[in-house]
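For reference, the structure discussed in these notes is given below.
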Amino acid sequence: MRIFIAVITTLTCLVCISNKGGRNQPTTGASFENSAPACAECHSGGSYQPTLAIALKDSLGNVVDAYRPNSAYTLEMQIGSLSGNPKTYGFQAVMVDEAGVQAGSFVSLGDKVRKLTLQNRVYLTQISPVASGLFTAKWQAPAEGKPLKLYIAGLATNNNNNTSGDKSAYTSFDLSPQLTATEEKTVEDDAIYINGRQISWTTYAQHVMLYDQNGRLLQKTSGKLLEIPLAQPGLYILVLDFGGKTKSHKLIL
């Protein structure tokens, strides 16, 4: 069981507090967003130190650290502060895959949370800032298990109806797919296929490491395929990590 928590110490961006219902522009700090956040233009001078945390809960209310494809979860996003006494909090968040494509869907929303579509992605933001800093949504995981990322920005405010004295921050959290029973069986019997400089296998591996015969790490990636650039004949060790289940293969190329 794991709860992801990040403490942000530098000034970053979310929304102008004059726009209490959240800004209708993407401002989570994700690289695919068209414009970089410009927090200093809106929220500056505050003594707060915002914190951002998420918890993913299954249908029984248990906190999990991996998701099953096609399953429903409750996503809890907690905005807080390590210093000062903010009166209210706001946020903006988006869930995407490694290609920056919308991942899963938000099927229902918690109190004071709304959806908005920006740049072909569904974002979450507040209807109005809340004193608790807790925002929730029901999330349906995508059909294909792949690494996902939640980009989130949070705002701590003194609720004085202008932007002075506020502090904002952003970060991201990684979500990994959980292996199903069928996939676990595949992992045990996973075959390795070599085609020239390409090495492939059937089950998605969260971590892929290639070592030479002296134990030197040559490559590190994820997925179902590894291409060895300018491979020299010899012995190689391929290590595949399937969400905690690790397999090693000796390869002679």
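Could you list, in sequence order, all residues of region 66-86 that are in a loop (DSSP other than H, G, I, E, B) and either touching a Gly at 6+ places or on another chain (Cβ under 7 Å) or surrounded by 14 or more Cβ atoms within 10 Å (Cβ to Cβ) (or both)? Once the filter is applied, which keeps residues that are in a loop (DSSP other than H, G, I, E, B) and either touching a Gly at 6+ places or on another chain (Cβ under 7 Å) or surrounded by 14 or more Cβ atoms within 10 Å (Cβ to Cβ) (or both), region 66-86 yields Arg68, Pro69, Ser71, Gly84, Pro86. Restricting Thr203, Thr186 to residues that are among the polar types (S, T, N, Q), outside any loop (DSSP other than H, G, I, E, B), touching a Phe, Trp or Tyr at 6+ places or on another chain (Cβ under 7 Å) and at pLDDT below 85 narrows the list to Thr203. In this structure, Leu179 does not satisfy being at pLDDT 75 or above and crowded, with 16+ Cβ neighbours inside 10 Å.
For first residues located in region 227-252 and under 11 Å from Arg197 (Cα atoms) and modelled with pLDDT of 80 or more, partners that are surrounded by 12 or more Cβ atoms within 10 Å (Cβ to Cβ) and of a type in the set (D, E, K, R) and lie 6+ apart or on another chain with Cβ distances below 6 Å form the pairs Glu227/Arg197.
Scanning region 11-41 for residues that are at pLDDT 60 or above and buried (at least 16 other Cβ atoms within 10 Å of the Cβ) yields Lys20, Gly22, Arg23, Gln25, Pro26, Thr27, Thr28, Gly29, Ala30, Glu33.
I need the full set of residues from region 98-129 which are more than 28 Å from Thr221 (Cα to Cα), of a type in the set (Gly, Ala, Ser) and modelled with pLDDT under 95, in order please. Listed by number, the list holds a single entry, Ser128. Considering region 74-102, the residues that are of a type in the set (Gly, Ala, Ser) and in contact (Cβ under 8 Å) with a residue 12 or more places away in the chain include one that is nearest to Ser59 (Cα to Cα), namely Ala93. Condition check for Pro233 on (1) touching a helix residue (DSSP H, G or I) at 6+ places or on another chain (Cβ under 7 Å); (2) part of a loop (DSSP other than H, G, I, E, B): one failure, at (1).
Of all residues in region 87-130, those that are in a loop (DSSP other than H, G, I, E, B) and within 15 Å of the chain's Cα centre (by Cα) total 6. The set of residues from region 87-110 being over 26 Å from Ser168 (Cα atoms) and either in contact with a Cys (Cβ under 8 Å, 6 or more places away or on another chain) or surrounded by 20 or more Cβ atoms within 10 Å (Cβ to Cβ) (or both) comprises just one member, Gly104. The residue list Gly154, Gly145 contains one member that is modelled with pLDDT of 80 or more, surrounded by 16 or more Cβ atoms within 10 Å (Cβ to Cβ), in contact with a Pro (Cβ under 7 Å, 6 or more places away or on another chain) and not in a strand (DSSP E or B), which is Gly145.
The values are calculated or read from the model by the stated rules, or taken from the named source; none is laboratory data. This one's a predicted model, so the numbers in the text were calculated from it and none came from an experiment. Glycine gets a Cβ as well: all are built from the backbone with ideal geometry, and neighbour counts include every protein chain shown.
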